[in-house]
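What follows is a short report on a single structure.
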Amino acid sequence: MEGGGSLDSKIESLLNVEKQMRLNGDIAGTKKAAIDILQLCFEARAWKTLNDQIVVLSKRRGQLKQAVTAMVQQAMQYIDETPDIETKIELIKTLNSVSAGKIYVEIERARLIKRLAKIKEEQGQIAEAADLMQEIAVETFGAMAKTEKIAFILEQVRLCLDRQDYVRAQILSRKISPRVFDADPSKEKKKPKEAEGLVEEAPSHIPSLLELKRIYYEHMIRYYSHSNDYLEICRCYKSIYEIPSVKEDPSQWIPILRKICWYLVLSPHDPMQSSLLNSTLEDKNLSEIPHFRSLLKQVITMEVVQWTALWNTFKDEFENEKNMLGGSLGDKAAEDLRERIIEHNILVVSKYYARITVKRLAELLCLTVEEAEKHLSDMVVSKALIAKVDRPMGIVCFQTAKDSNGILNSWAMNLEKLLDLVEKSCHQIHKETMVHKAALKV
């Protein structure tokens, strides 16, 4: 009791000092008095008194902004010193209520919310942690360091993915432009605020920009895996593969390059997929994994691929992928791989045939007539192929029906080319005649 009494009397005397300093407009004195009060409570381990004094000091009439900022920053240092989790949560909540709505302590409030969300997550309350994090819009904080902002948004995205809220995860991920990771910090011009020292330095535990790049793309892989968007997953792995620290370490880039190859083969055929396929085949590192080079070669070569032979060759590699970095390729991956090989074979057939019977098409694809028709129809619907099926005759026509204008235009072009050729021939004949006449005169 005696210790409690002496603490109260010390706080009372310091409050009087704080009042005098505040009324005189002495910033340094007010800050020192406020910090001393908090230090007294902390040294006495009077956590309840500490919380009460933080609230009392912040609500005093005409309280200086600098004093509130110093007080919140000082109290944040005590969070890790709390004896139990309940005391820690109570202190964080007190500081949150004090900093709420005050723009000059917005960064401190964001850091407090992040710590509270981490505690909630450790307690298994992921939904609550995600809701807490979403309250803060760090992209509007002018004084926060760029890396800290990105790390905060990535934490928001991760919690949304953990609670399987994919729509909100996508919205939050769009707040980060992938171009920000390609910027060279040494060449980047400092903004006026940074030059003046108004932007705070990021805390030491915040990852570097390249580490954040990897985390960002790992989160995006999780998001795209939900919708089995293989091409976007491949592009994410490609971006991770381009990180210098990954490219220097074979134990890191080999599993990632394997993933790039698999997801390229799993992606539906389109111009982006073809471009990535060609650029990957040109990669010198692919020679380290020749199995995958041959896989990509088979997909890019315009020849019919036998599914059973391909699957027997790559089945073990496909199963091994589960033990590799990044986990398995997904439950549907084996079915989708077969689907892509069938689509590739149909495209090959359409290149070599103008018309073909459905029966012969089914033989080439190693499918039943019904299956061949279904796959062909799906490709026509998705506009990956132009074809018409005459079901009574059982004939597939891969040629596009030209309209009358198109036919007339092609004829006009052909006639123009023919007339050009005739003109050139006449000119050559005339030239030869003139040369011979000149020779005869001599």
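List of remarks:
- Straight Cα distances below 16 angstrom link LYS238 to the aspartates and glutamates ASP182, GLU211, GLU218, ASP229, GLU248, ASP249, GLU282, ASP283, with same-chain residues fewer than 8 positions distant left out.
- Over the chain, dividing the summed -39,500 (n - 2.57) contributions of all DSSP H runs of at least 4 residues by the number of residues returns a 222 nm mean residue ellipticity of -22000 deg cm²/dmol.
- Cα centroid separation - segment 6-52 against segment 63-102, whole Å: 15
- Remark on segment 110-168: ratio of C-alpha radius of gyration to 2.2 N^0.38 Å is 1.07.
- Rg/Rh (Cα only; Kirkwood hydrodynamic radius) as it applies to segment 307-442: 1.35
- Each Lys and Arg adds +1 at its Cβ and each Asp and Glu adds -1 at its Cβ; summed about the Cα centre, segment 239-306 shows a dipole of about 140 debye.
- Counting only lysines at least 8 places from LYS351 when in the same chain, those with an alpha carbon closer than 16 Å to its own are LYS383, LYS388.
- Using alpha-carbon coordinates, inclination of helix 271-281 to the longest axis of the chain, degrees: 90
- Nearest-20 debye value, segment 106-146 charge dipole, Cβ charges on Lys, Arg, Asp, Glu: 200
- Spatial separation of Cα centroids for segment 383-418 and segment 107-148, in angstrom: 60
- Point-charge dipole on Cβ atoms (K/R +1, D/E -1) for the chain, about Cα centre, debye to 20: 1460
- Segment 204-229 versus segment 242-263: alpha-carbon centroid distance in Å: 15
- What the chain shows is 58 Å² of accessible area per residue, with the surface traced by a 1.4 Å probe over protein heavy atoms.
- Accessible surface of the chain, 1.4 Å probe: 54 percent of it comes from carbon and sulfur atoms.
- Using C-alpha pairs under 8 Å with a sequence gap of at least 6, the mean separation divided by the residue count of segment 353-442 gives a relative contact order of 24 percent.
- Overall form of the chain: prolate. Here a/c, set by the Cα gyration tensor axes a ≥ b ≥ c, is 1.5 or more, and a/b is the larger of a/b and b/c.
- Seen from ILE395, the other residues with C-beta closer than 13 Å to its C-beta sum to a net charge of +3, counting Lys and Arg as +1 and Asp and Glu as -1.
- Helix axis angle, 307-320 relative to the chain longest principal axis, alpha carbon, degrees: 20
- 0 to 90° range, to nearest 10: angle between helix 230-241 axis and the chain longest Cα axis: 60
- Here the Kirkwood formula puts the hydrodynamic radius of segment 1-107 at 14.0 Å, using every distinct Cα pair.
- Note on segment 239-297: semi-axes of the ellipsoid equivalent to its C-alpha gyration tensor, largest first and rounded to whole Å, are 19, 13, 10.
- Cα lying deepest toward the dipole's positive end in segment 253-355, options LEU347, LEU281, PHE314, charges on Cβ: LEU347
- The Cα atoms of segment 54-107 define a convex hull whose projected area, averaged across directions, is 3.7 nm².
- Using C-alpha pairs below 8 Å separated by at least 6 residues, the relative contact order for the chain is 7 percent.
- Links that overshoot a 22 Å alpha carbon limit, given the list LYS146/LYS213; LYS175/LYS213; LYS59/LYS146: LYS59/LYS146
- Shape call, segment 50-155: gyration tensor on alpha carbons, a/c limit 1.5: oblate
- In terms of the mean number of neighbouring beta-carbon atoms within 10 Å, the peptides 92-104, 376-388 order highest first as 92-104, 376-388.
The values are calculated or read from the model by the stated rules, or taken from the named source; none is laboratory data. Keep in mind it's a predicted model, so treat the numbers as computed, not measured. Glycine also receives a Cβ, built like all others from the backbone with ideal geometry; neighbour counts cover every protein chain displayed. For accessibility, only protein heavy atoms count, side chains too; no ligands or nucleic acids. Shrake-Rupley method; radii C 1.70, N 1.55, O 1.52, S 1.80 Å.
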